[in-house]
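Here is the structure we will look at.
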Amino acid sequence: MLVLLTGVLNGCATKPVIAPSQSYIPNVHRPHATGRKAAYNRPYRVKGRTYYPMVSAVGYREYGIASWYGSESGNRTAMGTRFRPQGISAAHKTLPLPTKVRVTNLQNGRSVVVVVNDRGPFKKNRLIDLSHGAAKKIGIRGVARVKVEYIDESQARATTDRY
């Protein structure tokens, strides 16, 4: 009788599992996919604004202004790794961390594949912040108009920097 009663009570306590939509809709909060539950992929607030990291970057492509950063040498990224200004990395407000993207300088056609491992930039009208090393590879000295596009692991292995 006790086993039967335990089974009935446990059955009442469970909720049906509903799979979240994995379609790409930027800046819309949805439950995180498996492996994306880290603190750096949860919604966060900076300067009074809340940002909602994407669940997936598949299909992501956007045009905007890139800048570079480097004075934060030795500081920790959002993922907890040490920031290396001469390395090849980037910061983005809503891409899931880590994500590999190709950044193309639209003024000269040069591109670089970077790992997005940090949050930012938080200046108006900025799409991505590149480490000084990544910006240098594609000829950015200040700001530049760029195309940022997600690449999967197979593309990343087959791609070499174009410059």
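Just so it is clear, none of the values below were taken in a lab; they were calculated from the coordinates. Owing to the predicted nature of the structure, the values given are computational and were not obtained by experimental measurement. In this analysis, Cβ positions are derived from the backbone assuming ideal geometry, glycine residues included, and neighbour counts consider all displayed protein chains.
Comparing Cα centroids, region 93-128 and region 37-88 end up 9 angstrom apart. The loop-placed trypsin sites (Lys or Arg not before Pro) in region 70-137, going by DSSP, that have at most 15 neighbouring Cβ atoms within 10 Å of their Cβ come out as LYS123, LYS124. Between LYS123 and THR81, the simple label model (points 7 Å from Cα in the Cβ direction) yields a spacing of 2.4 nm.
Applying 0.36 nm per residue to the separation of LYS47 and ASP152 and subtracting their alpha-carbon distance, the gain on full extension is 34.6 nm. Projecting label points 7 angstrom from Cα along Cα→Cβ for LYS37 and TYR63 puts them 4.1 nm apart. Most simply put, region 68-141 has about 65% antiparallel DSSP beta bridges, counting only bridges with both residues inside it. Of the cross-linked pairs LYS100/LYS123; LYS37/LYS147; LYS47/LYS137; LYS37/LYS137; LYS93/LYS147, which ones have a Cα-Cα span greater than 26 Å in the structure shown? Exceeds cut-off: LYS37/LYS147; LYS47/LYS137; LYS37/LYS137.
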